[in-house]
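Take a look at the structure set out below.
The values are calculated or read from the model by the stated rules, or taken from the named source; none is laboratory data. Because the structure is predicted, anything quoted here is derived from the model rather than measured. Glycine also receives a Cβ, built like all others from the backbone with ideal geometry; neighbour counts cover every protein chain displayed. Quick note on the areas: whole protein, heavy atoms, side chains included, nothing else; ligands and nucleic acids left out. Shrake-Rupley method; radii C 1.70, N 1.55, O 1.52, S 1.80 Å.
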Amino acid sequence: MCGIVGYIGHGNVYDILISGLKRLEYRGYDSAGVALVAESGQLNVFKTMGKVSNLEAYCAQKDTQAVLGIAHTRWATHGEPCDNNAHPHFSEDGKLAIVHNGTIENYQILKDALAEHGCNFYTETDTEVLVQLIEYIKVQNNCELIDAVREALKQVVGAYAIAVVERDNPDQIIAARKSSPLVIGIGDGETFLGSDGTPFVEYTKNVVYVKDEEIAIIRRGEPLKLVDFNNKESKVNVDQLQLSISQLEKGGYPHFMLKEIFEQPMTLTDCIRGRVVNGGEHVMLNGVFTNIDKFKNVNRIIIVACGTSWHASLLGKQLIQDMCQIAVEVEYASEFRYSNPVITDRDIVIAVSQSGETADTLAAIQIAKSKGAFVFGISNVVGSSIPRETDSGTYIHVGPEIGVASTKAFTGQVMVFTMLALSVAKLRGTLTEEQIKDFASYIVRVPELVEETLALDEKIRHLSLIYTYARNFMYLGRGYSYPVALEGALKLKEISYIHAEGYPAAEMKHGPIALIDSEMPTVIIAPKDHLYDKIVSNVQQIKSRGGSIIAIVTKGDTVIKELADHVLEVPEVPECLTPIITSVPLQLLSYYIAINKGKNVDMPRNLAKSVTVE
Ligand code: G6P
């Protein structure tokens, strides 16, 4: 979490930092700040609680002239969100300022040791400890900033992306990373820093992805230099940023979330482009075909993920089991990493992550690799850590997802799992060519069917008004619709703060049914599939207890239509493709309920898009 930005060059430093912070606000938004170094050797730090717009208002009357600067938007880990705990933090002598994304795990030990040497601390943060440590080393050793940063980082346990500036040096920024993302943009006579490439996409496409335990020395008028903790210089590899400015704008929609929901016909088209070819003749997921032996001989697949990606993984499990007859387990990455997992070299671990930066998922990958598994990544953000840490993988190609609540990434992940399962089924001969062709021909139609589903928008907007003030919601589904129920409930709680539970419909009678009354609406995902008759009984059980029901059904359904209070009809597709269709009305329902309640859907409280801490 947290977003960091830095800039050195001939442009307007303050403006570049502020617009960069706004692009990174999806990473955290409880406070924000800038540190500006002026030519005259002045270091000004301005920081405030709340969003970047608050910082802008606060700085309106300040002197923001600068020749370089660093900035931060925070998702609090150590210390409550307040002006004082906001970044940048500075050293006691006021000569150094730092921004940090990550957590310093041994900060208390370092803090106690520094306190014994007379250091005073003014915030509750782990980051202040780091900048004080750098200052202490610099003063004690009478050394350059770069040497002090290197020595300090050797003592740090934890995760970080940092940028440090010095009052007396208007020509240099030192940055470093370990387990938190850091990207450098190389412009013409100017250099940018960011937690990703979004802050500087309009200035340069030339980027350097800083590696773990690398320190970047960014000096005015000099080429970028990267060194490791032993001061050994490493090669600077310049990549091309695959991002355009229009992808980062709302494009006429009031919120990124709504834009991203409506983009799905296009993002799904992008996702399948080049992978389902000849109008559905072949399915070809490159990451599978470049690792034929691995997938052909696999013993078991373990999927690790967090949040919405975990829900997509549950669908991945169902798809792979159904189509490929491979045993699949799905684990929360955060549990997997500490579970002493039993893994063999014939297992494949699939790590799923929209951002490609989730700390728990990255840690799970390390464990799987250390136990000899082949690790395959499914990510959205090109160049992020997970694609670089995995043995092979694939991108979902749905473009930047800015709304904190994931929508288009979920449908993209499910689509990739569908294509992966079909590709592996082809290799293993578990589906006939005819069956594969049949599924593939449906896949190419999915974007237009999602478009058709989006026509429910107006109906859902009206429906949302009836349920805006419900205090609890239940979401039920079976088979392929069970993960959809989980995801629907997650969407609602993330952005409207209404308590919502997702449950397998048949499990309801073992507890949750006790909650059903006229004040607890249930959303039932009940497309025509092989469990349809079973879910009809579940609907009846709720109805007979006075519960109100919103049902997502297949067009032309007559049975549930009679029972439910409201039905949302979606186009018919083969069972394995229903989640991509049925999840769309649930996204819209949560969006409108949250809007009715006046919530900030793009930046819900306490959440962040990219969770780079444990
Ligand atoms: C955060 C986001 C979720 C996301 C989860 C996992 O909680 O708010 O939308 O599903 O992290 O993120 P990942 O990037 O690994 O998919």
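Among all the lysines, which ones have a C-alpha under 19 Å from residue 561's C-alpha, if same-chain residues fewer than 8 places away are not counted?
Counting by Cα, and skipping residues close in sequence, residue 561 has these lysines nearby: 459, 528, 534, 543.
State the answer as a single residue: which of 404, 536, 174 lies farthest towards the positive end of the charge dipole of the chain, with beta carbon charges of +1 for Lys and Arg and -1 for Asp and Glu, about the Cα centre.
With unit charges placed on the Cβ atoms, the residue in question is 536.
Measure off, as a whole percent, the carbon and sulfur share of the 1.4 Å-probe accessible area of the chain, all protein chains present.
47
Here are some pairs, 211/493; 154/235; 178/294; which of them have Cα atoms lying more than 26 Å apart in this structure? Could you put the intermediate results ahead of the total?
Values: 211/493 36 Å; 154/235 21 Å; 178/294 30 Å.
As for pairs spanning more than 26 Å Cα to Cα, those are 211/493; 178/294.
Find how much the distance from residue 112 to residue 240 grows on full extension, using 0.36 nm per residue of separation minus their present alpha carbon separation; answer in nm with one decimal.
Working: separation 128, 0.36 × 128 = 46.08 nm, distance 4.39 nm.
Going from the current span to full extension adds 41.7 nm.
Would you mind counting up the charge near residue 182? Only other residues with Cβ under 14 Å from its Cβ, with Lys and Arg at +1 and Asp and Glu at -1.
Details: positive: 27, 177, 178, 211, 388; negative: 196, 212, 213, 214, 239, 357.
Here the count lands on -1.
Give the residue from 64, 82, 106 lying farthest towards the positive end of the charge dipole for the range 1-142; charges sit on Cβ (+1 for Lys and Arg, -1 for Asp and Glu) and the dipole is referred to the Cα centre.
Sorting the options by dipole projection puts first 64.
Report the extension gain between residue 466 and residue 345 in nm, rounded to one decimal, defined as 0.36 nm multiplied by the number of residues separating them, less their alpha carbon distance.
38.2 nm
Using the per-residue mean of other Cβ atoms lying within 10 Å as a proxy for protection, in what order, highest first, do the peptides 427-440, 526-539, 239-252, 121-134 fall?
Result, highest mean first: 121-134, 526-539, 427-440, 239-252.
Which order do the peptides 109-115, 165-171, 347-353 take when ranked by the mean count of other beta-carbon atoms within 10 Å per residue, highest first? Numbers along the way, then the final one.
Numbers: 109-115: 15.7, 165-171: 19.6, 347-353: 28.0.
Packing proxy ranking, top to bottom: 347-353, 165-171, 109-115.
Per residue, how large is the accessible surface of the chain? Use a 1.4 angstrom probe and give square angstrom.
Here the residues of the chain average 37 Å² of exposed surface.
How long are the semi-axes of the equivalent ellipsoid of the chain, defined as square roots of 5 times the Cα gyration tensor eigenvalues? Whole Å, largest first. Before the final figure, lay out the partial values.
Values: eigenvalues 405, 148, 95 Å².
Taking √(5λ) for each eigenvalue gives 45, 27, 22 Å, largest first.
Assigning unit charges at the beta carbon (Lys, Arg +1; Asp, Glu -1) and nothing else, what dipole magnitude in debye, to the nearest 20, does the chain show about its Cα centre?
So the dipole magnitude of the chain works out to roughly 940 debye.
How much length, in nm to one decimal, is gained on full extension between residue 93 and residue 559, taken as 0.36 nm per residue of separation minus their Cα-Cα distance?
Here the segment from residue 93 to residue 559 would lengthen by 160.4 nm.
Explain nothing, just the number: relative contact order of the chain, from Cα pairs under 8 Å at least 6 residues apart, as a whole percent. Walk me through the numbers on the way to the answer.
Numbers: 1428 pairs, mean separation 72.7, N = 614.
Worked out over the chain, it gives 12 percent.
Where in the range 119-151 does the label zone of residue 168 land, with the point 7 angstrom along Cα→C-beta and an amide N cut-off under 20 Å?
Only 119-120, 131-151 pass the distance filter.
Using only Cα atoms, figure out Rg for the range 504-554 and give it as a multiple of 2.2 N^0.38 Å.
Working it through for the range 504-554, the quotient is 1.06.
Within straight cross-link reach of residue 259, meaning Cα distance under 17 Å, which lysines are found once same-chain residues fewer than 8 apart are removed?
250, 408, 491, 599, 609
For labels at residue 292 and residue 335 in the simple 7 Å Cα→Cβ model, what's the distance in nm?
3.8
At what distance in nm do the modelled label points of residue 211 and residue 224 sit from each other, each positioned 7 Å from its Cα along Cα→Cβ?
The answer from the label model is 1.4 nm.
Using helices alone, I'd like the mean residue ellipticity at 222 nm for the chain: each DSSP H run of four-plus residues gives -39500 (n - 2.57), total over residue count, nearest 500.
-11000 deg cm²/dmol
Please work out the FRET efficiency for the pair residue 300 and residue 433, using the Cβ-Cβ distance as r and a Förster radius of 35 Å; give the result to the nearest 0.05.
Details: r = 26 Å, r/R0 = 0.75.
The formula returns an efficiency of 0.85 here.
Among the lysines, which have Cα under 28 Å from the Cα of residue 62 when same-chain residues fewer than 8 positions away are ignored?
22, 47, 51, 95
Which order do the peptides 288-296, 308-316 come out in when sorted by mean C-beta neighbours inside 10 angstrom, highest first?
Order by mean packing, descending: 308-316, 288-296.
With a Förster radius of 51 Å, plug the Cβ-Cβ distance of residue 140 and residue 369 into 1/(1 + (r/R0)^6) and report the FRET value to the nearest 0.05.
That gives a FRET efficiency of 0.85.
How big is the antiparallel share of DSSP beta bridges in the chain, given as a percent to the nearest 5?
Details: 64 of 106 bridges.
Roughly 60 percent of the beta bridges in the chain run antiparallel, per DSSP.
Set the Förster radius R0 to 25 Å, insert the Cβ-Cβ distance between residue 253 and residue 452 as r into 1/(1 + (r/R0)^6), and round the FRET efficiency to 0.05.
Once rounded, the FRET efficiency stands at 0.80.
Quick one: net charge of residue 287's neighbours, Cβ under 11 Å, K/R +1, D/E -1?
Computed value for this residue: +1.
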